[in-house]
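Input: a single structure, listed below in structure tokens.
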Amino acid sequence: MSTPTQQQVMDALATVNDPEIKRPITELGMVDSVAVAEDGTVSVHVLLTVAGCPLKDTINRDVTAAVTAVPGVTSVDLTLGVMTPEQRAGLKETLAGGQAQREIPFAQPGSLTKVYAIASGKGGVGKSSVTVNLALALAAQGLKVGVVDADIYGHSVPAMLGVADARPTQVDDLIMPVPTSSGVSVISIGMLKPRRDQVVAWRGPMLDRALVQMLADVYWGDLDALLLDLPPGTGDIAISLGQHLPSAEVVVVTTPQEAAAEVAERAGTMASMMHQRVVGVVENMSFLTLPDGSTMEVFGSGGGDRVASTLSQRFGYDVPVLGRIPLDPSLREGGDAGKPIVESDPTAPAAVELRSVADKLAGRGRGLAGMQLGLTPTAKF
Ligand code: ADP
């Protein structure tokens, strides 16, 4: 077999994306040198953005696989280096694409990214679980999805996505969102703290700065959808978000319980006061299917309908119930294990319902024809 050309190797390297930036390493100035020897040995020197890049093993594996696949390559000699400050500055300029720093890309008039803020009146209703599952369901449709965990009280989203201990890579003052195995990228307010166990005792201006940092200083690339997990209630983050991203659409999560519904209405009304549109209500923990197939309304009933009709009346437009998610131990287990239910148990009724909510949000309401209902023989509802 003939010796491969330098161009063939470069073409192969162009298929390798940086796992955080999600663009070809050849475009990012990461391929420092390529040399092809007569015997088919290819030497590649790749520059990492920062020393100790947590994803260097991924880059190593992907580069080796891509180059090995070029016909005529007999072995790959890959060495990794680190960009100089000048090279990093060049990379930052490439990524910024001429945009001034500290601008929120999603707030620009031409932005094509749909931003959904997931809100609730109180904690523990499943807002974070809904956020991560919707994110994964949207990503499974082929969309590029980012998640901002702005819940200062819980910041449980990274753990639910299986990246509990990850810290974002920083290229000077540009922060890379943390990639996850499902393709969704995430940044959490918890990742901005100096230490993991530190309590976030931030108030107005600090929280505002943290939110802007997560939106403007993080390199999100071209996202189709960005989901924000808001803290419960009507606090400072919700106000900041309204000021910085009035175009965000709000999804209100509630349980069927009367008391939960009442506070959820307040969270929805708050969004409207900030000129954001409430696109719908997700009722979570709606019922439990018992082994005999009957259902039990553990948290009562009617909360979702109540929030939807109150908000519809208050705002003068239709705020629908987008879905009713049953109680399901595998939903909790999936969250605890870092594998949300839409991925870990996709045919479970809760997963099917979450996917249907994602379909509605993506404006892809599919007909029933040809659609898998995902009902198990014991589930009769
Ligand atoms: P929030 O973000 O509103 O505080 P979480 O999403 O963290 O709520 O959920 C609180 C707990 O309830 C988590 O342990 C989660 O796994 C569990 N949970 C949420 N929704 C369900 C459900 N439908 N079935 C079973 N467990 C659930």
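Here are Leu361, Leu375: which of them is among the aliphatic types (A, V, I, L, M), under 25 Å from Ser301 (Cβ atoms), more than 14 Å from the ligand (Cβ to nearest atom) and at pLDDT below 85? Only one candidate passes the filter, namely Leu375. Looking across segment 103-153, the residues that are part of a loop (DSSP other than H, G, I, E, B), of a type in the set (A, V, I, L, M, F, W, C) and either free of Cβ contacts under 8 Å to residues at least 24 places away in the same chain or within 16 Å of the ligand (Cβ to nearest atom) (or both) come down to Val125, Ala150, Ile152.
Note on segment 282-297: among residues that are among the hydrophobic types (A, V, I, L, M, F, W, C) and more than 23 Å from Ile118 (Cα to Cα), the one that is nearest to the ligand (Cβ to nearest atom) is Leu288.
Would you tally the residues in segment 1-19 being closer than 24 Å to Val184 by Cα and open to solvent by 10 Å² or more (accessible area, probe 1.4 Å)? Break it down into steps so the answer makes sense when it comes.
Residues of segment 1-19 that are closer than 24 Å to Val184 by Cα, as a first pass: 13-19.
Of the ones still in play, those that are also open to solvent by 10 Å² or more (accessible area, probe 1.4 Å) are 14-15, 17, 19.
Matching residues across segment 1-19 total 4.
When every residue of segment 327-336 is checked against the conditions, at least one turns out to be assigned to a loop (DSSP other than H, G, I, E, B), more than 24 Å from Ala362 (Cα to Cα) and near the ligand (Cβ under 10 Å from one of its atoms).
The values are calculated or read from the model by the stated rules, or taken from the named source; none is laboratory data. Bear in mind the structure is a predicted one, so any value in this text is a computation, not a measurement. With ideal geometry, Cβ positions are generated from the backbone for all residues, glycine too; neighbour counts draw on all protein chains shown. The accessibility values were calculated without ligands, DNA or RNA, using every heavy atom of the protein model including side chains. Shrake-Rupley method; radii C 1.70, N 1.55, O 1.52, S 1.80 Å.
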